[in-house]
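No lab work stands behind these numbers, since they all come straight from the coordinates. All of these numbers come straight from a predicted model, not from anything done at the bench. With ideal geometry, Cβ positions are generated from the backbone for all residues, glycine too; neighbour counts draw on all protein chains shown.
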Amino acid sequence: MKTLAVVSRKGGAGKTTVAVNLTLAARAMGVKAVLADADPQRSASEVLKGREDGASLVFETSAAKLFALMEASRRSGAELLVIDTPATPEQDVAEAVKIADLSIAVARPTYLDLAAAVRSVAIVQRLGRDGVIVLNQCAPARRRVEPPQVVKACEALRFASLPVAAVALRNRVVYQTAFAQMRSVLELDGAEAASAEVRALFAEVWRRLRGEAGAPVRSANDDLGEVGAHLGAARMAAGPGLTLAPIA
Ligand SMILES: Nc1ncnc2c1ncn2[C@@H]1O[C@H](COP(=O)(O)OP(=O)(O)O)[C@@H](O)[C@H]1O
Ligand SMILES: [Mg+2]
């Protein structure tokens, strides 16, 4: 079993959105995934517990109980445990990072989110774990040209030599609609673009978790030379078995 922690030292960055959609994408793609809701606000549980499969999908927990939950998930045959974490306290975030094979630091391409992502990655690196930044709520690329805000964010992260996932999530209202219906974007009609990017992100994360496709964590230095070509679906399309919709 692999364990994935979804972190950000900032509320509203998109941790719960990423955690819930990746968990449900995993299940849709045949990976037995469960979600640990370690945030006392219980947003992930709020979204998922009313589902038919809710009882076998989401588990409310705390930082102190995470390790036991991880062992129980492993014993029950889960292949992936996704941990949704609170923004604070740092100690609780660290507990999740410690037991995770990979941590995702979610950040919108804004100054404050990026500053928080840098702090999140610092925790991951201090604990000697693997981590990668996933950009969320990015404005859409136009004809594969990234908007200036995304370009600037990538330049800043590249300057800091921080690892960035090749797949970014765009700002799309369907992420909000899906939650209101206790669903992932994969389960919504008319959400093909969102669904494609979540599948691509899951594929990238799953490969990193399994140590496939080169180094589990790729540095922004070698990968984001031309931001437009790297931050979208184009790069993922080269992966095995993936067919992706073009960037909206
Ligand atoms: N890519 C996105 N596009 C549109 N809305 C988003 C996106 N990601 C998150 N949101 C919205 O932003 C808000 C905060 O997201 P959430 O995942 O709850 O953040 P966090 O868990 O980090 O506090 C929610 O209302 C969510 O629906
Ligand atoms: Mg949350």
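Can you tell me which of 127, 80, 114 moves the most in a GNM of the chain? Springs connect C-alpha atoms under 10 Å apart.
Looking only at 127, 80, 114, the biggest GNM fluctuation is shown by 127.
Computed FRET efficiency, Cβ-Cβ of residue 142 and residue 41, R0 35 Å: what is it to the nearest 0.05?
Result of the calculation: an efficiency of 0.50.
Among 48, 97, 118, whose Cα sits farthest toward the positive end of the charge dipole of region 2-234 (+1 at Cβ of Lys/Arg, -1 at Cβ of Asp/Glu, about the Cα centre)?
Farthest along the dipole direction, towards plus: 118.
What ranking of 111, 175 emerges when the number of other C-beta atoms within 10 Å of each C-beta is taken as an exposure proxy, fewest first?
Listing 111, 175 from fewest to most nearby Cβ atoms yields 111, 175.
What does the extension gain come out to for residue 187 and residue 149, with contour length at 0.36 nm per residue minus their alpha carbon separation?
10.7 nm
Kindly put 159, 179 in sequence by how many other C-beta atoms sit within 10 Å of each C-beta, fewest to most.
The fewest-first ordering by Cβ neighbours comes to 159, 179.
Note down, for the chain, the three equivalent ellipsoid semi-axes (square root of 5 times each alpha carbon gyration tensor eigenvalue), biggest first, whole angstrom.
In descending order, the three semi-axes are 25, 21, 17 Å.
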